[in-house]
Amino acid sequence: MSRPASLAVNGLLLAAAAISVAPLLWMLSASLMPAGQSNAFPPPWVAAAPTLANYRELFARVGVGRYLANSVVVATAGTGLSLLFNVSAGYAFAKLPFGGRERIFRSLLAALVIPAQVAMLPLFLMLRSAGLVNSYAGVIVPALASVFGIFLVRQYARSIPDEILEAARLEGAGEAHIFVHIVLPLLKPILVTVAIFTFLNIWNDFMWPLIVLTDGRLQTLPVALALLSREHVQDNELMMAGSVVTVLPPLLLFLGLQRYYIQGLLLGSVKG
Amino acid sequence: MRPGLAGWCFAGPALAVMGVFFAVPVAAAFMLSLTDFDIYAIADPSNLRLVGLRNYFQLLGTALFWKALGNTLYFVVVGVPLSIAVSLATAVLLDSELARFKGAFRTALFAPVVTTVVAVAVVWRNLFHARYGWINHALGAIGIGPIDWLGDPHWSMPAIILFAVWKNFGINMIIFVAALQAIPRELYEAARIEGAGAAQQFRHVTLPLLGPTLLMVAVVTMAGYFQLFAEPYVMTQGGPLQSTVSVLYLMYEDGFKWWSLGLASAVAFALFALMLASTALLLRAARGKVAALGGA
């Protein structure tokens, strides 16, 4: 009974994995085809004569390098800044008692039921009057602090023994010193996790950057790609190359740091 | 240092940011939904007037709003169960003692989750192409005639649902795998000794013990699926015949294409209310189920 069952389980897994990966491989393959080749019947699996012409066109003529740079700047700066806010807050909610702490934390969790898009219309008007529409800052601002990030850090920081912190205080160390020299090194794994999540969220985000970046020069890759793909419906191979450029950084980041990402996903799915 | 002060110093900045960039705008959005804020008010705020609930009544009388509501519910009601079923099926396969190369399979199955939705939507728009797309080509191989996925109003939403399931099932799969691993193997052993087959084991051991995880996953997935926007924006632009206009798509068009920010805020709150009501309904149904099981 075990041999056919084993074949069935592994066969089904193989089929599911193939369906998951095939669209990504097709994207890569079509991006290497000369213009027009992918629109054929039956669709060709691999390029007859692979070419980088689409990528050259993308960077030289369409100016994708600029959008790539925008995405890198926005995602990197946003990740760095939000780490600062989320990690210190997560540590406070775990280890530094203050008046109303538990009540505030519960209301943060409750606020998760409000869809972020509700805030977008007034936020746009606020940023407009502050002159931040069409700026990197405008894109980053709503991602600066996240309940999910604070929650992850808090869950992890709760495992730090109080004795270590108390001992440091008795020796006269200030709170800032304790945070930098004792707490941060202990939190390193969760810092990596929160950083990946934030980076991927900002990189992949679409609706808010679409709203706040009306000027083409500052657009991030997903916004530029969405607008280009509406114009260039026929240039399939070119759009596939654009998709590869957009998808590759988050995919590589995930493949490299998978362990941290999955750990965060599981920590976040446990009820506080 | 006074006790409590350190806590405020560390938590304060994040709380301030969330207050200024989330709490205040949410409250402002509600106020905005009670005004006739439009392109004239952007130019000169003195054109702004309070109109009470007029935006909400106007929505109720707009055919496109009901259409968007129906489309979004279609996406949620079909997409969420399908998505969870695929997650659960792949999780059970991955958790099986018979599965080989678990790490590689897990990575491959999870890969779509971390991709950029806009980029893979562009790819899937091509896969769904009526003449040259791989999907119709594969269907043709098993004798099914070509479907105009993105051009036929009856097939556009199913196409977007298939794409969304492919993109998202990996997240819940990972959560289910962890929950499955927490089920003691002795329970399956005991069921086997009593003569239960694989299907019965799944139904009487796995499913009941997965209950709380299933509910949590359903609530979170549903909230996510209500926020449908990028997929129709890229793949169908709301068409054909407005068959893929979602509530958020409508909000975006009202707000940032026509600059009726008052009306668009009312759309946003309508979505919020719908999400709250659906979640409450789901939780209630789940409680009923638990009570029924307890009585059995």
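Each listed q (0.09, 0.14, 0.15 Å⁻¹) maps to a log10 I(q)/I(0) for the range A:52-269 from the Debye sum over equal C-alpha point scatterers, namely -0.45, -0.95, -1.04. The overall shape of the range B:62-295, judged from the alpha-carbon gyration tensor, is oblate: a/c is not under 1.5, and a/b is no greater than b/c. Here the sum of -39500 (n - 2.57) over DSSP H runs of 4 or more residues, divided by the residues of chain A, equals -22000 deg cm²/dmol at 222 nm, to the nearest 500.
Sum up the charges of everything whose Cβ sits under 12 Å from the Cβ of residue B:265, counting Lys and Arg as +1 and Asp and Glu as -1, but leave residue B:265 out. Each step should come with its number before you reach the end.
On the way: positive: none; negative: B:36, B:38, B:254.
So the surrounding residues net to -3.
Which FRET efficiency, nearest 0.05, do residue B:183 and residue B:282 yield, Cβ-Cβ r, R0 25 Å?
Details: r = 23 Å, r/R0 = 0.94.
With a Förster radius of 25 Å, E is 0.60.
With the Cα gyration tensor of the range B:175-261 giving a ≥ b ≥ c as the square roots of its eigenvalues, does the rule (a/c under 1.5 for rounded; else a/b larger than b/c for prolate; else oblate) give rounded, prolate or oblate? Taking the square roots of the gyration eigenvalues as a ≥ b ≥ c, the range B:175-261 is prolate. Ordering B:40, A:260, B:252 from the fewest to the most neighbouring beta carbons within 10 Å gives B:40, A:260, B:252. Counting only residues at least eight positions apart within a chain, or on another chain, there are no lysines with an alpha carbon under 16 Å from that of residue A:188.
In this structure, the amide hydrogen of residue B:35, modeled 1.01 Å from its nitrogen in the peptide plane, lies closer than 5 angstrom to those of B:51, counting only residues at least 5 positions away or on a different chain. For the residue pairs B:67/B:289; B:67/B:257; A:95/B:167; B:167/B:257, the C-alpha atoms sit more than 30 angstrom apart in B:67/B:289; A:95/B:167.
What relative contact order, as a whole-number percentage, does chain B give when Cα pairs under 8 Å and 6 or more residues apart are counted? All intermediate terms of the calculation are to be shown ahead of the outcome.
Working: 300 pairs, mean separation 80.4, N = 296.
Here the relative contact order equals 27 percent.
Globularity index of the range B:118-174 is 1.18 (Cα radius of gyration / 2.2 N^0.38 Å, N = number of residues).
By the gyration tensor of its Cα atoms, with a ≥ b ≥ c the square roots of the eigenvalues, what is the shape of the protein assembly as shown: rounded for a/c under 1.5, prolate for a/b over b/c, or oblate?
Working: a/c = 1.37, a/b = 1.06, b/c = 1.30.
Judged from the Cα gyration tensor, the protein assembly as shown comes out rounded (a/c under 1.5).
Taking label points 7 Å from Cα along the Cα-to-Cβ direction, residue A:7 and residue A:48 give a separation of 3.9 nm. Of all the options B:73, B:281, B:32, the one that moves most in a Gaussian network model of chain B with Cα springs shorter than 10 angstrom is B:281.
Laboratory data are not the source of any read-out in this text; all were calculated from the coordinates shown. The shown structure was predicted, so the numbers you read here are calculated from the model rather than taken from an experiment. FYI the Cβ positions are ideal-geometry reconstructions off the backbone, even for glycines, and counts take in every protein chain you see.
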